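Q: Take a look at this one; I'll ask things after.
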Amino acid sequence: MTVKIHVVEKILSANDKLAASNRKKFDAAKVFSLNLMASPGAGKTSVIEQTMRLLAGELRVAVIDGDLATSIDADRAAAAGATAIQINTGGECHLDAIMVRNALQQLGLLQFDLLLVENVGNLICPANFQLGTHKNVLIASIPEGDDKPYKYPGIYRGIDTLIINKIDLLPYIPFQMDYYRTGVEMLNPGLQTFPISCRTGKGLDDWVRWVKKQVQSMKMFV
Ligand SMILES: Nc1nc2c(ncn2[C@@H]2O[C@H](COP(=O)(O)OP(=O)(O)OP(=O)(O)O)[C@@H](O)[C@H]2O)c(=O)[nH]1
Ligand SMILES: [Mg+2]
């Protein structure tokens, strides 16, 4: 038992070292980077598409898309105007810092202002593997239910920003926003939150304004 725990710690600390090295690369190239995590189908690729639409060519955007198989999401990101790289994890339920480092070798970071990493759809494994991105973002969605902060506290504790997607579905689903937000507040007080709908466009202006501000700060201060 003891040996088993030791090995897990070693793997995680090796990942942390590579994540720190990825971060140095982002800083050196002045590329602001986001790790987008969510359940399957919460709207990660839709957020990327809508962000691209609203940026309207203002920023040079790269997308690293993690999936078990297929290039469906990378193709969607490319169709939306991003330079997209697909990582097929071959069954792994998360991206790790090595996978991102390998993708960076193909990207040429200096050509970009913003990097969006779409993690594998999962609320558990991605929370344990830092990628080196500047912010960890969780995209929750209304159909998942209002109890998710209580059931998956690990991911809610480790994020910097929360998007609540599919708010257009609030009239049709018994989702108690107060109950949900109380759970989030207990785990991550004062967490910056963007309620949005990729279907209607509501809330997306605030989100994209925030992204642009982060990119500008990166150019000025890092
Ligand atoms: N009603 C509604 N549907 C949405 C919204 N955003 C995304 N969807 C739908 O939700 C489904 C999943 O969206 P995706 O963007 O593919 O979700 P994802 O998180 O990238 O999915 P995976 O990569 O497979 O985990 C699609 O049918 C979208 O059209 C929204 O704001 N409202
Ligand atoms: Mg997707």
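Q: Please give the contour-minus-distance gain from ARG199 to SER21: 0.36 nm per residue of separation, less the Cα-Cα distance, rounded to one decimal in nm.
A: Full extension from ARG199 to SER21 adds 60.4 nm.
Q: Enumerate the residues in region 191-222 having an amide nitrogen under 18 Å from the point lying 7 Å beyond the Cα of LYS30 toward its Cβ.
A: Counting only backbone N, you get 211-222.
Q: Same structure, new question: Could you size up the charge dipole of the chain around its Cα centre, putting +1 on the beta carbon of Lys and Arg and -1 on that of Asp and Glu, and report it in debye to the nearest 20?
A: It comes to approximately 560 debye.
Q: In addition: Please report how far the C-alpha centroid of region 48-110 lies from that of region 206-222, rounded to the nearest whole angstrom.
A: If we compute the Cα centre of each part, the gap is 20 Å.
Q: May I ask you to order 42-53, 96-107, 201-212, 169-180 by the average number of other C-beta atoms within 10 Å around their residues, highest value first?
A: Final packing ranking: 42-53, 96-107, 201-212, 169-180.
Q: Also: So what J values fall out for region 122-127 if you push phi through Karplus, 6.51 cos²θ - 1.76 cosθ + 1.60 with θ = phi - 60°, rounded to Hz, Gly and Pro as x?
A: Those phi angles translate into 4, 9, 10, 4, x, 5 Hz.
Q: Mind grabbing the base-10 log of I(q)/I(0) for the chain at q = 0.18 Å⁻¹? Debye formula, identical points on the C-alpha positions, no solvent, two decimal places.
A: So the normalised log intensities are -1.41.
Q: For region 165-222, take the convex hull of the Cα atoms, compute a quarter of its surface area, and give me that in nm², please.
A: For region 165-222, averaging the hull's shadow over all directions gives 5.2 nm².
Q: Ignoring ligands, DNA and RNA, what accessible area per residue does the chain give at 1.4 Å, in Å²?
A: 48 Å²
Q: Which cysteines does the chain leave without a neighbouring Cys Cβ under 4.7 Å?
A: Cysteines lacking a close Cβ partner in the chain: CYS198.
Q: Between GLN216 and ARG101, with labels modelled 7 Å along Cα→Cβ, what's the label distance in nm to one decimal, could you check?
A: 3.5 nm
Q: Moving on. Using a basic spin-label model with each label point 7 Å from the Cα along Cα→Cβ, how many nm lie between GLN192 and ARG157?
A: For the pair GLN192/ARG157, the computed spacing is 2.3 nm.
Q: Please compare each pair in LYS30/LYS202; LYS25/LYS166; LYS44/LYS213; LYS25/LYS148; LYS24/LYS202 to a cut-off of 28 Å on the Cα-Cα distance and tell me which ones are over it.
A: LYS30/LYS202; LYS25/LYS166; LYS25/LYS148; LYS24/LYS202
Q: Please give the net charge around LYS44, taking every other residue with its beta carbon less than 11 angstrom from that of LYS44, where Lys and Arg add +1 and Asp and Glu add -1.
A: -4
Q: Given contacts defined as C-alpha pairs under 8 Å and at least six residues apart, what's the relative contact order of region 1-131, whole-number percent?
A: Normalised by residue count, the contact order of region 1-131 is 38 percent.
Q: List the aspartates and glutamates whose alpha-carbon lies under 16 Å from that of LYS219, not counting same-chain residues fewer than 8 positions away?
A: Within the straight-line cut-off, LYS219 pairs with ASP27, GLU58, ASP113.
Q: For the chain, with all protein chains present and a 1.4 Å probe, just round the carbon and sulfur fraction of the accessible area to a whole percent.
A: Using a 1.4 Å probe with all protein chains present, the chain comes out at 55 percent carbon and sulfur.
Q: What's the magnitude of the charge dipole for region 120-222 around its Cα centre, counting Lys and Arg as +1 and Asp and Glu as -1 at the beta-carbon? Answer in Debye, nearest 20.
A: 380 debye
Q: Another question, then. May I ask you to derive the relative contact order of the chain, considering only C-alpha pairs under 8 Å and at least 6 residues apart, and to give it as an integer percent?
A: 25 percent
The values are calculated or read from the model by the stated rules, or taken from the named source; none is laboratory data. Here the structure is a predicted model, which is why all the values come from computation and not from measurement. Note: ideal-geometry Cβ built from the backbone for every residue, glycine included; neighbour counts use all protein chains shown. The area values use the complete protein model at the heavy-atom level, side chains included, leaving out ligands, DNA and RNA. Shrake-Rupley method; radii C 1.70, N 1.55, O 1.52, S 1.80 Å.
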